[in-house]
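Below: one structure, written as structure tokens.
The values are calculated or read from the model by the stated rules, or taken from the named source; none is laboratory data. For clarity, every value in this text was computed on a predicted model and none was experimentally measured. Here the Cβ is made from the backbone with ideal geometry for all residues, glycine too, and neighbour counts use every protein chain on show.
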Amino acid sequence: MSLQNLIMNLQKFWAAQGCYLAPSYDLEVGAGTMTPDTFFRVLDKRPWRVGYVQPSRRPTDGRYGENPHRVQKHHQFQVIIKPSPDDIQKIYIDGLVSLGINLEDHDLRFDEDDWESPTIGAWGVGWQVMLDGLEITQFTYFQQAGGVEVFPIPVEITYGLERLEMFLEEKDNIYDLKWSEDVSYRDLRFEEEKQFSEYNFSQATVRSLRENFRLSEKEAAKLIEKGLLLPAYDMCLKCSHVFNLLDARGAISVTERVKMIAQIRAQVNQIALKYTSGEGSA
Amino acid sequence: MDFLLEINTEEMPSSHVKMALDDLQEKFRKALAAAKLAVAEFSLYSTSRRLIVVGDIAERQEDREEIVTGPPKAVAFAADGTPTQAAQGFAKSKGIAVGDLQVIKTAKGEYLGFNRVEPGKLASEILSKFIPQVLASMSFPKMMKWGTGSLRFSRPVRNLFCLFGGQPLSFQLEGLASTDFVYGHKLHAPQKLQVKSFAEYRAALRENLVIIDQEERKTIILNQIEARLAPLKAQLYPDPELLDKLSNDVEYPFVFMGSFPEEYLNLPLEILSTAMREGQKLFSVVKEKKQLPFFLGVADAPGDSKGFIQKGNERVLKARLEDAKFFWEQDRKISLKKRAPGLKHVLFQEKLGSYDDKAQRLKKIVAYLCEKAEAKKVEKDAVGAAELCKVDLVTDMVREFPSLQGKVGGLYARAEGLPDAVAQAIYEHYQPQSLDDESPSSLPGALLSLADKLDSIVGVMGVGIQTTGSSDPFGLRRNAHGVCKIILDLPLNISFTRLLDKVFSTYGDKLKRQKKEIVASGRDFFINRLRYIFEKKGFRYDLVNAALNAGIDNIYYSGLRLKALDALVSSPQFEPLILMAKRVNNIITGQPAFAVNAGLFVEKDERELYSIFSIIKQNITPMIGKGDFAQAQKIIFRIQPGLNSFFDHVLVMAEDNKLRRNRLALLQAISKVLLQMADYSQVVVEGEKPTPRKSVPAAS
């Protein structure tokens with residue numbers, strides 16, 4: 001039992017469901033939802049099935065490696081299936097069973113939790129899936145992305161890998177997890193958490209972050225103009241991450257927060273509109 | 001015949017389920033009535049995955065008879081009595097033999113025609129047509145689509161099952177065909193079940209771990225909780241909302257109990273119970289108002305024989321409590337006072353500055369309120385609380401549990417040894433959160449809450465952000481309700497206009513709109529809010545308008561005026577007074593203002609009216625000043641005989657300018673005094689058409 005085993009099992013299960021196994025995206029993102037493999041693919045009309053591991057950064061969740069279950073970078077296994085199959089809940093449950101969880105002995109609940117990402121103008125309806133009180137998955141029927149109504153409706157299944165593995169290994173501390181039989185989560189991630197917490201909360205230079213935000217936004221505007229939607233979207237992702245860092249530095253006021261999110265969302269909306277109207281390509 | 005419909009969906013939120021049941025009830029009744037189908041019994045059940053309609057519906061519509069008329073008798077038969085072309089054509093068009101036609105007498109004369117019996121349609125045909133229409137027309141607070149379908153619903157509809165008279169009824173809903181089976185519990189008994197009646201359905205589901213009655217599930221939960229708590233002689237920390245949610249969310253409730261290490265008992269009850277409720281939806285267990293190291297949870301499972309559910313929840317809870325404990329300890333390392341400058345970095349509103357700016361304003365407003373409310377004694381505590389009340393926004397605890405803002409600040413203030421009154425005021429300064437919530441229990445808390453809410457209202461209005469029916473991003477309506485409730489509850493006897501003025505001035509030059517403009521729109525906004533509050537309390541809308549039209553400069557007095565009016569409505573003197581007041585109003589409307597000259601009265605009745613009015617005015621002025629409207633109202637009744645004789649014997653619109661103006665002046669003076677009580681012209685009396693409302697009804 002190990003994280004990499006879990007990943008392999010999920011990959012195997014979802015590949016058998018016809019999902020293409022995508023490589024993780026190579027930019028900092030807050031969630032698997034934000035990568036192009038989800039964002040662009042839910043917008044168009046074509047069927048789509050994908051599964052991938054996505055390292056996800058939430059700078060404000062950093063705890064210097066001192067908190068047993070909170071980290072500034074965790075890993076998600078992201079699944080998108082479009083259109084959503086009629087028996088998707090059953091497929092998802094079968095997936096849990098395939099991980100060796102005997103659901104007869106547990107309490108599995110789909111607990112109301114509609115998902116929304118103001119930054120990318122996306123929202124959906126769904127649940128947080130709770131297994132004996134532990135949130136292991138976010139399960140969402142997308143309704144809108146980039147401010148655009150989506151159709152057919154994709155279903156998004158996002159597993160929190162560390163959470164799920166803590167459940168499987170019955171561990172109370174994330175750092176005690178095994179990544180493989182020989183390598184522990186601590187070996188791989190502890191130092192990283194310490195250093196990045198220090199960077200996120202104390203060392204990131206606010207002025208240059210603001211400058212980065214400004215430059216990326218400017219670049220995005222230019223690229224949108226040129227119809228280069230993929231790089232334009234990358235610029236938006238950069239803005240989003242820089243925003244998260246500024247937030248961790250405590251440098252963003254409430255209204256500024258609203259304004260910056262609105263700025264990113266406006267560009268993402270433009271990208272989505274151009275993409276769906278065929279004005280640019282991605 | 002027995003009717004049963006089960007709409008099987010993925011898990012719906014409990015608020016949606018409640019609305020759906022009402023919606024289904026109404027739409028089914030309407031559709032059945034429109035189809036002229038008799039229905040004897042009708043009931044609804046639900047789980048988070050099922051909406052269930054049960055009824056006893058007639059097998060078919062009643063036969064309908066109607067008379068069909070054709071050509072007039074005169075045209076229908078030839079002289080020899082044989083049917084004409086017209087008669088034959090009519091018979092053919094109706095598919096009936098000419099011989100079967102009769103002469104029918106109608107009010108317009110005699111016509112050729114026949115009696116047609118339209119046999120009632122089978123209910124099954126009608127039902128399979130309207131059920132899909134009813135389902136497709138249901139609405140939810142938030143709707144979704146799924147797959148490639150166009151149906152919008154609360155959550156995806158996955159199975160439709162309908163029985164009518166023991167037989168499956170088939171219909172289609174946007175491509176989904178009804179089936180002849182239902183499912184048991186999704187996880188623990190997922191098999192397909194075939195049933196022939198509601199009794200069978202109910203029993204089969206129970207056997208397969210689904211209890212269809214929400215109330216029964218609630219009772220089961222409460223009984224199991226009771227059984228768990230009895231040995232401990234402990235109680236549940238009451239949480240009716242959570243109980244409702246869980247009764248909806250589980251199809252087969254099983255209450256489990258778990259514990260957590262006692263070290264976490266050092267955390268305040270508010271924090272412990274919030275940590276348990278949010279996330280895992282667990283109940284706290286208390287004994288003599290003290291938290292015990294136990295919790296109760298409700299699983300959707302037949303049991304927990306291996307203890308996995310309990311252990312899993314214990315592990316998750318421990319992690320959450322560890323977090324809360326960490327925040328509780330870390331946050332308190334820095335005193336609120338030392339933390340306060342951090343508010344400079346938290347923006348309240350873009351154009352209105354930071355929360356630090358807000359705190360500085362609150363200090364001034366609170367000091368003003370203490371002075372005006374003759375509460376100098378509490379000024380030090382109230383101002384101290386104002387300075388620190390927002391500081392918990394920069395604590396980790398509030399970042400983790402935003403619903404605890406204010407409370408956390410109060411708890412920290414108490415823990416660091418600040419005066420009790422300061423801690424209490426901080427703790428309760430967000431109250432009341434709604435009209436049903438309690439106002440703060442302490443005077444400093446109430447004044448601080450009032451100041452905070454008014455500051456937000458004036459500021460947001462002042463930068464020109466509009467609050468409309470659908471858009472109220474800063475919660476101004478809720479804030480205004482809080483303001484009114486606090487003023488009425490305390491009560492607070494102060495000039496509201498001057499208070500708005502004061503709040504405006506604390507903003508310095510930050511507000512782009514003019515003071516006059518803001519105070520005026522603030523006034524209108526509050527009139528609407530007060531109207532809403534009073535009407536919600538059950539007061540007659542016309543009395544509310546009458547009381548509010550007398551001015552809202554003193555909100556407390558508005559309430560008293562309304563109560564005085566309401567108390568006198570049934571008095572025999574009331575209606576004549578209203579009519580008289582309206583008469584006075586009608587005469588003086590549109591007239592310029594004149595001054596009374598006592599020397600110019602010539603008639604006995606006008607002299608007498610003036611003299612009784614002067615006495616009444618003298619008497620009631622101090623009463624009105626004190627807000628004793630009930631007493632003043634009673635005295636005002638005494639003007640009526642005088643007014644009566646005046647109208648009977650004195651011509652107001654006299655030709656002589658001086659006389660006329662003087663008489664008008666007297667009526668104006670009377671009207672002015674009456675208006676200090678209420679705008680009687682707004683009161684609707686029997687036999688009179690209601691006066692149109694001056695403003696639109698307040699939305700919530």
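Of everything in segment A:102-128, what is more than 10 Å from chain B (Cβ to nearest Cβ) and either modelled with pLDDT of 95 or more or surrounded by fewer than 23 Cβ atoms within 10 Å (Cβ to Cβ) (or both)? Give them in sequence order. Before the answer, list the steps.
Kept after step one, since they are more than 10 Å from chain B (Cβ to nearest Cβ), are these residues of segment A:102-128: A:115-122.
If the condition is that a residue be more than 10 Å from chain B (Cβ to nearest Cβ) and either modelled with pLDDT of 95 or more or surrounded by fewer than 23 Cβ atoms within 10 Å (Cβ to Cβ) (or both), then A:115, A:116, A:117, A:118, A:119, A:121 are the ones that fit.
Restricting the first member to segment B:56-74 and to residues that are free of Cβ contacts under 8 Å to residues at least 40 places away in the same chain, and the second to residues that are assigned to a strand (DSSP E or B) and of a type in the set (Phe, Trp, Tyr), the beta-carbon pairs closer than 8 Å and six or more apart or on different chains are B:73/B:111.
Take residue A:252 and decide whether it is hydrophobic (A, V, I, L, M, F, W, C), in contact (Cβ under 8 Å) with a residue 24 or more places away in the chain and closer than 26 Å to residue A:146 by Cβ. Explain how you work it out, then say what you get.
Working: hydrophobic (A, V, I, L, M, F, W, C): yes; in contact (Cβ under 8 Å) with a residue 24 or more places away in the chain: no; closer than 26 Å to residue A:146 by Cβ: yes.
So residue A:252 fails the test.
Which one of B:618, B:676, B:591 is at negative phi, assigned to a loop (DSSP other than H, G, I, E, B) and assigned by TED's automatic domain parsing to the domain that holds residue B:566? Write out each step before concluding.
Numbers: B:618 fails: assigned to a loop (DSSP other than H, G, I, E, B); B:676 fails: assigned to a loop (DSSP other than H, G, I, E, B).
After ruling out the rest, the residue left standing is B:591.
Go through the residues of segment A:86-93 one by one and say whether even a single one is within 19 Å of residue B:188 (Cβ to Cβ) and more than 9 Å from every other protein chain (Cβ to nearest Cβ). Yes, segment A:86-93 contains at least one residue that is within 19 Å of residue B:188 (Cβ to Cβ) and more than 9 Å from every other protein chain (Cβ to nearest Cβ). As a summary of the residue check, residue B:353 satisfies the conditions (1) in the same structural domain as residue B:404 (by TED's automatic domain parsing); (2) under 23 Å from residue A:103 (Cα atoms) except for the one numbered (2).
For the condition under 29 Å from residue A:185 (Cβ atoms) and not assigned by TED's automatic domain parsing to the domain that holds residue A:268, what is the one hit in A:68, A:47?
Values: A:47 fails: under 29 Å from residue A:185 (Cβ atoms).
None of the other options fit; the residue is A:68.
State all residues of segment A:85-99 that are of a type outside the set (A, V, I, L, M) and over 21 Å from residue B:302 (Cα atoms); if no residue qualifies, say none. Steps first, answer last, please.
Going through segment A:85-99, the residues of a type outside the set (A, V, I, L, M) turn out to be A:85-87, A:89-90, A:92, A:94-95, A:98.
Across segment A:85-99, the qualifying residues are A:85, A:86, A:87, A:92, A:95, A:98.
When you look at residue B:353, is it in contact with a strand residue (DSSP E or B) (Cβ under 8 Å, 6 or more places away or on another chain) and either away from every other protein chain (no Cβ under 14 Å) or small (Gly, Ala, Ser) (or both), yes or no? Judged against the criteria, residue B:353 is a match. Please tell me if residue B:528 is more than 27 Å from the chain's Cα centre (by Cα) and not aliphatic (A, V, I, L, M). Criteria not met by residue B:528.
The set of residues in segment B:557-602 being under 40 Å from the mean Cα position of the chain (by Cα), surrounded by 19 or more Cβ atoms within 10 Å (Cβ to Cβ) and aromatic (Phe, Trp, Tyr) consists of B:557 alone.
If you scan segment B:353-394, which residues turn out to be in a loop (DSSP other than H, G, I, E, B), in contact (Cβ under 8 Å) with a residue 24 or more places away in the chain and surrounded by fewer than 24 Cβ atoms within 10 Å (Cβ to Cβ)? Walk me through it before giving the result.
Of the residues in segment B:353-394, the ones in a loop (DSSP other than H, G, I, E, B) are B:373-375, B:389-390.
Remaining after also requiring in contact (Cβ under 8 Å) with a residue 24 or more places away in the chain: B:373, B:375, B:389-390.
Result: B:373, B:375.
Just wondering, is there one or more residues in segment B:234-241 that are surrounded by fewer than 20 Cβ atoms within 10 Å (Cβ to Cβ), among the aliphatic types (A, V, I, L, M) and assigned to a loop (DSSP other than H, G, I, E, B)? Yes, segment B:234-241 has at least one match. In this structure, is residue B:327 of a type in the set (Phe, Trp, Tyr) and either within 12 Å of chain A (Cβ to nearest Cβ) or outside any strand (DSSP E or B) (or both)? When the stated conditions are applied, residue B:327 passes them.
Look through segment A:191-204, keep the residues that are hydroxyl-bearing (Ser, Thr, Tyr) and touching a helix residue (DSSP H, G or I) at 6+ places or on another chain (Cβ under 9 Å), and return whichever of them is farthest from residue A:66 (Cα to Cα). Within segment A:191-204, the match that is farthest from residue A:66 (Cα to Cα) is A:199.
Being at the interface with chain B (Cβ under 9 Å from one of its Cβ atoms) and buried (at least 20 other Cβ atoms within 10 Å of the Cβ) is a condition met by no residue of segment A:45-54. For residue A:246, state whether it is buried (at least 17 other Cβ atoms within 10 Å of the Cβ) and either touching a residue at least 40 places away in the same chain (Cβ under 8 Å) or away from chain B (no Cβ under 14 Å) (or both). For residue A:246, the condition - buried (at least 17 other Cβ atoms within 10 Å of the Cβ) and either touching a residue at least 40 places away in the same chain (Cβ under 8 Å) or away from chain B (no Cβ under 14 Å) (or both) - is met.
Can you work out which of the residues in segment B:282-296 that are in a strand (DSSP E or B) and within 14 Å of chain A (Cβ to nearest Cβ) is surrounded by the fewest Cβ atoms within 10 Å (Cβ to Cβ)?
Keep residues of segment B:282-296 that are in a strand (DSSP E or B), which gives B:283-287, B:290-296.
The next check asks that each one be within 14 Å of chain A (Cβ to nearest Cβ); those that pass are B:283, B:295-296.
Values: B:283: 25, B:295: 27, B:296: 22.
That would be B:296.
For segment A:130-139, a tally of residues being on the phi < 0 side of the Ramachandran plot and facing another protein chain (nearest Cβ under 10 Å) returns 5. For segment A:13-39, a tally of residues being touching a residue at least 24 places away in the same chain (Cβ under 8 Å) and either part of a helix (DSSP H, G or I) or among the basic types (Lys, Arg) (or both) returns 10.
Residue check: is residue B:277 outside the structural domain of residue B:293 (by TED's automatic domain parsing) and among the basic types (Lys, Arg)? Walk me through how you get there before you give the answer.
Numbers: outside the structural domain of residue B:293 (by TED's automatic domain parsing): no; among the basic types (Lys, Arg): yes.
No.
Yes/no per residue for (1) closer than 22 Å to residue B:155 by Cβ; (2) away from chain A (no Cβ under 14 Å); (3) out of contact with any Cys (no Cβ under 6 Å at 6 or more places or on another chain):
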residue: B:213; (1), (2), (3): yes, yes, yes
residue: B:268; (1), (2), (3): no, yes, yes
residue: B:301; (1), (2), (3): yes, no, yes
residue: B:307; (1), (2), (3): no, no, yes
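Yes or no, residue by residue, for (1) part of a loop (DSSP other than H, G, I, E, B); (2) not assigned by TED's automatic domain parsing to the domain that holds residue B:641:
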{"position": "B:528", "(1), (2)": "no, yes"}
{"position": "B:532", "(1), (2)": "no, yes"}
{"position": "B:551", "(1), (2)": "yes, yes"}
{"position": "B:565", "(1), (2)": "no, no"}
{"position": "B:570", "(1), (2)": "yes, no"}
{"position": "B:576", "(1), (2)": "no, no"}
{"position": "B:581", "(1), (2)": "no, no"}
{"position": "B:595", "(1), (2)": "yes, no"}
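When segment B:258-275 is filtered for residues that are surrounded by 20 or more Cβ atoms within 10 Å (Cβ to Cβ) and assigned to a strand (DSSP E or B), only B:258 remains. What number of residues in segment B:506-531 are in contact with a helix residue (DSSP H, G or I) (Cβ under 8 Å, 6 or more places away or on another chain) and of a type outside the set (Val, Ile, Thr)? Count: 14.
Basic (Lys, Arg) and outside the structural domain of residue B:462 (by TED's automatic domain parsing): which single residue out of B:325, B:358 fits that description? Unique residue meeting the criteria: B:325.
Taking segment B:330-350 as the search range and keeping residues that are hydrophobic (A, V, I, L, M, F, W, C) and in contact with an Asp or Glu (Cβ under 9 Å, 6 or more places away or on another chain), which one is farthest from the other protein chains (Cβ to nearest Cβ)?
Of segment B:330-350, the ones hydrophobic (A, V, I, L, M, F, W, C) are B:334, B:336, B:340, B:343, B:346-348.
Adding the requirement that they be in contact with an Asp or Glu (Cβ under 9 Å, 6 or more places away or on another chain) leaves B:336, B:340, B:343, B:346-348.
Working: B:336: 17, B:340: 15, B:343: 10, B:346: 6, B:347: 3, B:348: 7 Å.
This residue is B:336.
With respect to the conditions (1) assigned to a loop (DSSP other than H, G, I, E, B); (2) touching a residue at least 24 places away in the same chain (Cβ under 8 Å); (3) out of contact with any Gly (no Cβ under 9 Å at 6 or more places or on another chain), residue B:279 lacks only one, and its number is (3).
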